[in-house]
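Structure first, then comments.
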Amino acid sequence: MSHLRAAAARGLRRSGRRAVSAAAGKRRKGASPRRGAPAPAPAPPPARHLFSDPAEVEALRGNLLAWYDKCKRDLPWRTLAATEPDADRRAYAVWVSEIMLQQTQVSTVIDYYNRWMQKWPTLQALAQASLEEVNELWAGLGYYSRGKRLQEAARKVVSELAGQMPRTAEDLQKLLPGVGRYTAGAIASISYRQATGVVDGNVIRVLCRLRCIGADSSSPAVIDRLWDMANVLVDRSRPGDFNQALMELGATVCVPRAPLCGECPVKQHCQARHRVEKELAFASQKLFGKPTPVPDVEDCGVGDCPLCPPAAEPWDSSLGVTNFPRKAAKKQPRVAQTATCVLERRGCHGAPEYLIVQRPSSGLLAGLWEFPSLPLAQGLQEEKQREVLADHLRAWTGWPVVAEGLRFIGEVVHIFSHIHQTYVVYSLPLDGDVTLDPALSPSRWVTEEEFHASAVSTAMKKVLKACEKQRGEESSPGKGSKRKRGAKPQGASSTRPGTQLSLRAFLQAPTSS
Ligand code: SF4
């Protein structure tokens with residue numbers, strides 16, 4: 001985080017100059033500061049963006065905690081944190097929940113969390129697990145490197161820290177791989193009652209609204225300011241509950257699009273709400289023809305204040321409190337295409353089996369299993385895609401694969417955080433076995449049930465579903481196929497839809513490639 005702090009400091013220094021434009025203007029007109037003179041200290045943010053009144057801080061803590069005690073959701077990690085007497089086990093239980101909850105909804109996490117804690121109730125148990133087991137349990141939760149890093153860190157605690165979790169946020173962040181400032185603060189405050197704040201997406205939203213912070217909430221300067229604020233606010237006697245209450249408020253009341261301000265336990269401390277109420281009051285006075293005073297709702301220094309909305313994007317009355325927070329435009333995800341081939345054979349009792357191959361141990365979806373796949377160059381025509389996939393399968397299996405034998409199923413789109421991925425799906429039914437060179441990527445045949453129990457990504461589950469749907473349509477007379485490309489299945493000319501290609505046909509070598 002040191003680079004972040006340094007960047008934040010740089011941002012604040014820049015912002016500080018903007019925040020004191022009048023003084024800066026005077027300096028510009030006058031003589032330059034003497035060489036060697038100490039740089040002027042950055043100006044503090046305007047009061048409306050701070051929690052500088054101790055009485056208000058105290059009241060906000062009390063209101064928020066009283067609401068949390070009454071309204072908090074019953075969640076398995078909260079129960080464990082409250083009932084587990086062993087500090088290491090408690091910290092581990094919180095840690096697992098925090099890692100799983102990154103970028104993932106609570107409702108999705110609960111089941112994964114319960115299964116994880118049942119399988120690996122302690123750090124020691126997790127340290128002994130294989131990466132394959134971790135990936136299997138994590139399958140479907142997304143952002144797979146989280147599980148891997150959690151296990152690596154557990155191994156480190158066991159092997160290098162004598163099985164004892166670091167006891168402060170600073171040490172947690174310093175000593176555990178994959179534990180950042182937020183996770184360290186959450187573990188330390190919830191498990192050890194360290195009075196340290198946390199800042200996650202929910203907290204950013206709540207704080208930006210409470211203090212009308214409209215500058216880019218992903219900028220280091222604003223993030224740094226929010227951390228300061230969270231550390232001021234955190235309740236000294238119940239830090240873990242306070243942090244969870246702030247996050248709970250963001251998750252259930254101060255939600256992104258339609259916040260429930262009327263039910264909010266801290267509405268009397270909310271500057272954004274205050275501003276909306278004032279605007280409504282002015283509007284109604286105007287409606288009844290009463291003289292309207294100049295509204296006291298201006299940003300504190302349009303264009304100058306480092307925490308106010310930028311001058312080019314002023315307060316929009318139609319948005320109300322959802323004017324905050326604001327983010328710089330998100331970078332568009334990279335567009336990518338991958339050809340993938342579902343190799344299928346009939347297993348015991350005629351049930352289908354699929355060939356899956358393991359991805360490399362680093363990079364996107366590291367160590368997960370997938371159908372044989374190949375990234376495609378942009379703008380490749382279908383015929384060419386088929387050829388390169390056949391080439392790939394040929395090189396991979398060491399056997400001749402006929403491009404025409406690949407049957408187009410459809411396209412499956414999956415959005416990763418930074419990639420808009422389209423899988424161009426083909427299938428190749430076989431009636432014999434294919435044994436791959438063990439020196440290549442590990443591979444195995446799996447039944448449908450085994451496929452779903454394996455460490456496969458959600459995208460691959462979608463791919464299989466597309467194949468099954470296709471098969472279902474073909475076996476239902478009259479329904480027809482909904483393939484996007486071509487009117488009939490593309491494959492070996494002797495292959496009817498729904499029939500299997502013989503291994504001989506699969507291996508039929510083209511005379512030239
Ligand atoms: Fe959020 Fe509304 Fe509460 Fe303000 S009053 S913190 S905007 S829910």
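The values are calculated or read from the model by the stated rules, or taken from the named source; none is laboratory data. These numbers were taken from a predicted model, which means no experiment stands behind them. Counting neighbours? That spans all protein chains shown, and the Cβs are built from the backbone with ideal geometry, glycine included. The area values use the complete protein model at the heavy-atom level, side chains included, leaving out ligands, DNA and RNA. Shrake-Rupley method; radii C 1.70, N 1.55, O 1.52, S 1.80 Å.
GLY262 - would you say it is at pLDDT below 95 and of a type outside the set (A, V, I, L, M, F, W, C)? Against the criterion (at pLDDT below 95 and of a type outside the set (A, V, I, L, M, F, W, C)), GLY262 does not qualify.
With respect to being open to solvent by 20 Å² or more (accessible area, probe 1.4 Å), of a type outside the set (Lys, Arg) and touching a residue at least 60 places away in the same chain (Cβ under 8 Å), ASP224 fits the description.
Residues of region 333-374 being touching a strand residue (DSSP E or B) at 6+ places or on another chain (Cβ under 8 Å) and over 25 Å from GLU136 (Cβ atoms), which ones? Step through it out loud before you land on a result.
Taking region 333-374 as the starting set, the residues that turn out to be touching a strand residue (DSSP E or B) at 6+ places or on another chain (Cβ under 8 Å) are 333-347, 351-359, 364, 367-374.
Matches in region 333-374: PRO333, ARG334, VAL335, ALA336, GLN337, ALA339, ARG346.
Within region 200-219, the residues that satisfy the criterion of being in a loop (DSSP other than H, G, I, E, B) and open to solvent by 20 Å² or more (accessible area, probe 1.4 Å) are ASP200, SER218, SER219. Determine, yes or no, whether VAL234 is away from the ligand (no atom under 16 Å from the Cβ), buried (at least 24 other Cβ atoms within 10 Å of the Cβ) and touching a residue at least 12 places away in the same chain (Cβ under 8 Å). So VAL234 does not fit the description; no. Of the set (1) open to solvent by 40 Å² or more (accessible area, probe 1.4 Å); (2) within 11 Å of the ligand (Cβ to nearest atom); (3) within 19 Å of the chain's Cα centre (by Cα), all apply to ALA251 but (2).
Conditions (1) in a helix (DSSP H, G or I); (2) open to solvent by less than 40 Å² (accessible area, probe 1.4 Å); (3) more than 13 Å from the ligand (Cβ to nearest atom); (4) within 16 Å of SER317 (Cα to Cα), marked per residue:
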| position | (1), (2), (3), (4) |
| --- | --- |
| LEU246 | yes, yes, no, no |
| PRO256 | no, no, no, no |
| PRO259 | no, yes, no, yes |
| GLY262 | yes, no, no, no |
| PRO265 | no, yes, no, no |
| ARG273 | yes, no, no, yes |
| GLU277 | yes, no, no, yes |
| ALA281 | yes, no, yes, yes |
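The listed residues are ILE99, ILE110, and the only one of them that is modelled with pLDDT of 95 or more, under 20 Å from the mean Cα position of the chain (by Cα) and surrounded by fewer than 19 Cβ atoms within 10 Å (Cβ to Cβ) turns out to be ILE110. Inspect region 325-348 for any residue being within 16 Å of the ligand (Cβ to nearest atom), surrounded by 15 or more Cβ atoms within 10 Å (Cβ to Cβ) and not basic (Lys, Arg) and give the result as yes or no. So far as region 325-348 goes, yes, one or more of its residues are within 16 Å of the ligand (Cβ to nearest atom), surrounded by 15 or more Cβ atoms within 10 Å (Cβ to Cβ) and not basic (Lys, Arg).
Pairing each residue of region 340-351 that is in contact (Cβ under 8 Å) with a residue 12 or more places away in the chain with any residue that is of a type in the set (S, T, N, Q) and open to solvent by less than 50 Å² (accessible area, probe 1.4 Å), provided the two are 6+ apart or on different chains, yields C-beta distances under 9 Å for THR340/SER373; CYS341/SER373; CYS341/SER427; VAL342/SER427; LEU343/SER427; GLU344/SER427; GLY347/THR447; ALA351/THR447.
Could you count how many residues in region 173-211 are more than 16 Å from the ligand (Cβ to nearest atom), of a type in the set (D, E, K, R) and in contact with a Pro (Cβ under 8 Å, 6 or more places away or on another chain)?
First, pick out the residues of region 173-211 that are more than 16 Å from the ligand (Cβ to nearest atom): 173-198.
Narrowing the set further to residues that are of a type in the set (D, E, K, R) leaves 174, 181, 193.
Imposing the further condition that a residue be in contact with a Pro (Cβ under 8 Å, 6 or more places away or on another chain) reduces the set to 174, 193.
Total meeting the criteria: 2.
Residues in region 214-229 that are more than 22 Å from the chain's Cα centre (by Cα), modelled with pLDDT of 95 or more and within 15 Å of the ligand (Cβ to nearest atom): MET229 alone.
Return yes or no: is LEU287 away from the ligand (no atom under 16 Å from the Cβ), open to solvent by 70 Å² or more (accessible area, probe 1.4 Å) and modelled with pLDDT under 90? Spelling it out, LEU287 is indeed away from the ligand (no atom under 16 Å from the Cβ), open to solvent by 70 Å² or more (accessible area, probe 1.4 Å) and modelled with pLDDT under 90. Restricting to region 113-133, name every residue that is open to solvent by less than 50 Å² (accessible area, probe 1.4 Å) and closer than 28 Å to ASP200 by Cα. Listed by number, the residues that qualify are TYR113, TRP116, MET117, TRP120, THR122, LEU123, LEU126, ALA127.
Take region 69-96 and flag every residue that is outside any helix (DSSP H, G or I) and either modelled with pLDDT under 95 or open to solvent by less than 60 Å² (accessible area, probe 1.4 Å) (or both).
At the first step, the residues of region 69-96 found to be outside any helix (DSSP H, G or I) are 72-75, 84-86.
Within region 69-96, LEU75, GLU84 meet the criteria.
Apart from one condition, LEU172 fits all of (1) farther than 30 Å from CYS270 by Cα; (2) under 21 Å from the mean Cα position of the chain (by Cα); (3) of a type in the set (A, V, I, L, M, F, W, C); the exception is (2). Between HIS414, HIS420, the distinction of being free of Cβ contacts under 8 Å to residues at least 60 places away in the same chain and under 21 Å from SER457 (Cα atoms) belongs to HIS414 only. Quick check, is LEU389 buried (at least 19 other Cβ atoms within 10 Å of the Cβ), at pLDDT 90 or above and outside any loop (DSSP other than H, G, I, E, B)? Yes, satisfied. Listed here are the helices (runs of 4 or more DSSP H) enclosed by region 134-199 that have at least 2 residues being open to solvent by 50 Å² or more (accessible area, probe 1.4 Å) and at pLDDT below 95: 145-160.
Here are some residues: ALA93, ALA87. Which one is touching a Ser or Thr at 6+ places or on another chain (Cβ under 7 Å), at negative phi and of a type outside the set (Phe, Trp, Tyr)? Sole residue among the options that is touching a Ser or Thr at 6+ places or on another chain (Cβ under 7 Å), at negative phi and of a type outside the set (Phe, Trp, Tyr): ALA87.
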